[in-house]
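The values are calculated or read from the model by the stated rules, or taken from the named source; none is laboratory data. Since we're looking at a predicted model, the values are computed, not measured. Counting neighbours? That spans all protein chains shown, and the Cβs are built from the backbone with ideal geometry, glycine included.
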Amino acid sequence: MMHRRHFLAATGAGAAALGLPRPAIAQAQGARVLKFVPQADLASVDPVWSTTLVTAMHSYMVWDHLYGLDEGLIPQPQMLAGAEVTDNGLTWTLTLRDGLVYHDGEKVRAIDAVASIERTARRGPLTGTMMTAVNELTALDDNRLRFRLKKPFPLLPRALCDVRIMPERIARTDAFTQITEVIGSGPYRFVREGWRAGSSVVYARHDRYVPRSEPNSMYAGSLAANFDRVEWTIMPDPSTAAAALQRGEIDWLDQPLMDLVPQLRRSPGVKVDVLDVFGNIMSMFFNCHQPPFNNAKMRRAMLIAVNQQDFVDAVLGELGKELGVTGVGVFPPRSPYSSNAGMEALPKNGDLAAARRLIAEAGYKGEKVVFLSPSDFPSIRQQSLVAEALMKSLGINIEFASMDWGTMIARRNNNADLPERGGWSAYNTWWTGLSIASPAVSLPLWANGADAKAWWRPQDEQMLKMRADWIDAPDLEAQKKIAADIQRRALDEVVPFVPCGLFYLPTAFRSNLSGHPKSFFPAFWGVRRNA
């Protein structure tokens, strides 16, 4: 809590700060414009290159998907008119719906889908696994694509939920190189001239978008846009953003600072709600291919030392009892694959003495640890301050590298360099429950770091085999057993990351808005302004 108070003092947050001078935001807003403050700046527009949540939010506005997950986590056809499965599950023929066009007016073609799938598979855990089961993926004509499989892969629709369909010329960009052109066929189009780093992002309604007839259900259904424009304003100071929401200068604040939530709940014209039912697992990540955390004993020492309650308290404050969960493993508690397997490796209150012994066994000799922390992302910044204090208490030579979120993500993706040459050693973040709900989709548990050039992930052949076994498992009970084994190995041996507790994120918006879909991050389809 000491670190949390220091942070709040530095940012000027707290209930009293809600009376700050008015920010320079236009007072008048048309009924057809939605003004939104995201959790962080949009540093990358490429959802394959970047795993950040703000990039995922951006991507769902711009790009459409062959399948979309509904609220029951069931894949539903989205860009598809139909799918035919023949040859005992070895052949899938997918047909695009009529009327799909990109924001530049070009027709969406099957070859675009093929190229987009192939690019996503280079870095996506489930899509990549799917492609290992594919003998041939071809575009039969403009409207149909066909998978010929080596063996049945029932998770194929779920894997395709993760693929944003881009024009072929863009999708042929190497998966480890950022795209520079943002053209999709989703409900909103990206307004390039409205994107100013650290300031604003603008989207305009895609006039030729053809909604499905089904009602919205998370990422499936109509996805119809009800606003002509959605304008994101980057406001790093949380109290300034909260004040702007209270005065009606913005419509929606993605992630209000937790200390300000009680005040916002009492504010006339403001509604606070929790739209995500899975929550977010706070996590400590390591560069597993650079000293000192290339030694699993060092990673395990941090696992033993962490007291999840400290992280929950730092992020949530007085809302911890309402919105926080401790005793969390590698899957969110509401996942069917959550279990107590291996949880004895996580002492309830942390064990600093045992952690120090393990650090000594690892042969740590004071090598510098560069710990990345975003200065403009409060929920991660608060975690980072707790992690910094913890490492110092363990005698780790930590350099706390504070920077804006966009710079941090760029540096995080520099995995191969030593810390003193522009690389890094560790950082804290959080992952949405959806993104880590099963062994198939969890990127942190995809232990193929060296093969994937993702140096922050460890390389562990046994975990890779267990993941493959999970995908081939015949039923839910078999999947649960394998998932428990994966968690046990992750906590006992490999430690790809350290779970630091879970929290549910409230969002705040003007009470004249309605229709927000249940989602793991803000989604804009279906949202409307009431008269």
Do we find a residue being touching a strand residue (DSSP E or B) at 6+ places or on another chain (Cβ under 8 Å) and among the hydrophobic types (A, V, I, L, M, F, W, C) anywhere in region 464-477?
yes
Pull out all pairs, ordered by first then second residue, where Cβ-Cβ is under 6 Å, the residues are six or more apart or on different chains, the first lies in region 432-447 and is in a loop (DSSP other than H, G, I, E, B), and the second is β-branched (V, I, T).
P439/I486; A440/I471; S442/I436
Taking into account only those residues within region 257-282 that are surrounded by 23 or more Cβ atoms within 10 Å (Cβ to Cβ) and at pLDDT 95 or above, which is nearest to W525 (Cα to Cα)?
I281
Across (1) closer than 30 Å to E477 by Cβ; (2) modelled with pLDDT of 95 or more; (3) buried (at least 18 other Cβ atoms within 10 Å of the Cβ), N340 clears everything bar (3)
Quick check on my filter: what residues within region 483-499 are β-branched (V, I, T) and either at pLDDT below 95 or within 13 Å of A301 (Cα to Cα) (or both)?
V494, V495, V498
Which condition number in (1) of a type outside the set (D, E); (2) in a strand (DSSP E or B); (3) under 25 Å from T233 (Cα atoms) is the one that F400 fails?
(3)
Could you count how many residues in region 388-428 are under 30 Å from T129 (Cα atoms), modelled with pLDDT of 95 or more and either in the same structural domain as F520 (by TED's automatic domain parsing) or in contact with a Ser or Thr (Cβ under 8 Å, 6 or more places away or on another chain) (or both)?
2
Pairs needed: first member in region 461-477, in contact (Cβ under 8 Å) with a residue 12 or more places away in the chain; second member anywhere, basic (K, R) and surrounded by 16 or more Cβ atoms within 10 Å (Cβ to Cβ); C-beta distance under 9 Å; at least 6 residues apart or different chains.
Q462/R489; M463/R489; M466/R489
Being crowded, with 20+ Cβ neighbours inside 10 Å, at pLDDT below 95 and closer than 18 Å to R489 by Cα narrows L316, L346 down to just L346
Take P517 and decide whether it is assigned by TED's automatic domain parsing to the domain that holds E322 and assigned to a loop (DSSP other than H, G, I, E, B).
no
